[in-house]
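The structure appears below as structure tokens.
The values are calculated or read from the model by the stated rules, or taken from the named source; none is laboratory data. Since the model is a prediction, treat every value here as computed from it, not as a measurement. Positions of Cβ are generated from backbone atoms using ideal geometry, with glycine treated the same way; all protein chains shown enter the neighbour counts.
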Amino acid sequence: MGFEHTSVMSQEVHEHQNLKPGNISVDCTLGGAGHAIATIKAILPEGMLIGIDQDLDAINHANKILHPFKKNALLFHSNFSDLPEILNSNGIKGVNSILLDLGFSLNQLKNGNRGFSFNKNEPLDMRMDIRNDLTAFEIINSFPESELVNIFFKFGEEKFSRRIAKKIVAARRRAPIHTSLELAQMITDSIPAKNRFKMRIHPATRIFQALRIAVNRELERLEKFMEIAPSLLLKGGRLCVISFHSLEDRIVKQALRKFEDGCTCPKKLPVCLCGFVPQMKSVFRKPLVPTKEEITLNPMARSAKLRVAQKV
């Protein structure tokens, strides 16, 4: 698999990680290892990079790219939600920075052969980690119509969820739906022509996003991780999260707000009586977004948002 090293908002991430030589830093989603290379160079000579990815291809690629720094890198084929266990098993009580780039890998889209692309005729799989049992094929061909509607609307925010689910269920009664191209065409045909022609994105975009999220339990794992993120950082340590759609960003934003200002006292009280102690402080109020120049060079960056918080 030919990996690309392009990393979204790499300059902004590098600046706001606030890394120093000797730091312990975590890259929770290695992908093409672009962020990891910049990180490990910033923490040499004594620093340690902990790299995680649920895609074995990404781990194998990172092992090659980071080979010159192998003494300073520990790589794990796992999900970022397993970070507490990874740190504990390696005797690490806290880290100086955590990077969570929630972007979808361009390499998986182009070369994964797992049905992530609605422009390719690939098996309906969509698993980031092929060790998992649930696939997009199983969801599309066996889940009840009401559950399909829920997945499409909740994870894809697709307003034609009912129409699309109904067409899928009718089609699978005749024969199983096996490929991504077959599903994409079915979704496109489900949307009224007058709406379809006004769309700025491919008609199947939201449904494919919803299926990927459901198959990989992406939002569930993100919520779990955000709940414990402060406990994994040393004082002054930073959490950097790049999200790519509103569902992810909402989870990150709400968690950071809770860590920073989770007081439950009535606002009219002059002092806090609930005992709330802030755990994190946002480095900037509004998320950073890519520059126009970056979006021109990498259109996939257009929806990225970077939030950064520091442990207090």
- Query: If you check VAL289 against the conditions, is it under 27 Å from GLU220 (Cβ atoms) and buried (at least 18 other Cβ atoms within 10 Å of the Cβ)?
  - Reply: no
- Task: Scan segment 259-280 and give yes if some residue there is assigned to a loop (DSSP other than H, G, I, E, B), surrounded by fewer than 18 Cβ atoms within 10 Å (Cβ to Cβ) and touching a residue at least 24 places away in the same chain (Cβ under 8 Å), otherwise no.
- Result: yes
- Query: Can you tell me which of ALA165, ALA175, ALA184 is aliphatic (A, V, I, L, M) and farther than 24 Å from ARG217 by Cα?
  - Reply: ALA175
- List every residue pair whose Cβ atoms sit under 6 Å apart, with the two residues 6 or more apart in sequence or on different chains, where the first one lies in segment 193-206 and is in the same structural domain as PHE160 (by TED's automatic domain parsing) and the second, anywhere, is among the charged types (D, E, K, R). PRO203/ARG196; ARG206/GLU158
- Message: Looking at (1) assigned by TED's automatic domain parsing to the domain that holds ASN132; (2) modelled with pLDDT under 95, which one does ASN298 not meet, given that it meets all the others?
- Response: (1)
- Query: Which residues, counting only those in segment 29-55, are assigned to a helix (DSSP H, G or I), over 20 Å from ILE92 (Cα atoms) and without any contact (Cβ under 8 Å) to a residue 60 or more places away in the chain?
  - Reply: GLY34, ILE37, ALA38, LYS41
- Message: Checking the structure you have, find out if any residue of segment 271-286 is touching a His at 6+ places or on another chain (Cβ under 9 Å), over 24 Å from LYS120 (Cβ atoms) and not assigned by TED's automatic domain parsing to the domain that holds ALA136.
- Response: yes
- Say we look at segment 235-246 and pick out the residues that are surrounded by 19 or more Cβ atoms within 10 Å (Cβ to Cβ) and either of a type in the set (A, V, I, L, M, F, W, C) or more than 24 Å from HIS14 (Cβ to Cβ) (or both); which of these is modelled with the lowest pLDDT? PHE244
- Note on the structure: Across (1) in contact (Cβ under 8 Å) with a residue 40 or more places away in the chain; (2) in a strand (DSSP E or B), PHE76 clears everything bar (1)
- In the list ASN141, ASN96, ASN88, ASN150, which residue meets the criterion of being touching a Gly at 6+ places or on another chain (Cβ under 7 Å) and either outside any loop (DSSP other than H, G, I, E, B) or among the aromatic types (Phe, Trp, Tyr) (or both)? ASN96
- Note on the structure: Conditions (1) free of Cβ contacts under 8 Å to residues at least 40 places away in the same chain; (2) more than 15 Å from ILE213 (Cβ to Cβ) -> ARG114 fails only (2)
- Residues being in contact with a Ser or Thr (Cβ under 8 Å, 6 or more places away or on another chain) and among the aliphatic types (A, V, I, L, M): count how many of those fall in segment 125-135. 1
- Note on the structure: Here the residues within segment 64-86 that are surrounded by 14 or more Cβ atoms within 10 Å (Cβ to Cβ) and under 12 Å from LEU49 (Cα atoms) are LEU66, PHE69, ASN72, ALA73, LEU74, LEU75, PHE76
- Note on the structure: Being under 16 Å from CYS240 (Cα atoms), among the basic types (Lys, Arg) and in contact with a Pro (Cβ under 7 Å, 6 or more places away or on another chain) narrows ARG257, ARG307 down to just ARG307
- Task: Identify, from the list ILE201, ILE228, ILE177, ILE242, the residue that is β-branched (Val, Ile, Thr), within 13 Å of the chain's Cα centre (by Cα) and either outside any helix (DSSP H, G or I) or under 28 Å from ARG285 (Cβ atoms) (or both).
- Result: ILE242
- Message: Can you report the number of residues in segment 39-58 which are within 22 Å of the chain's Cα centre (by Cα) and either modelled with pLDDT of 95 or more or surrounded by 22 or more Cβ atoms within 10 Å (Cβ to Cβ) (or both)?
- Response: 10
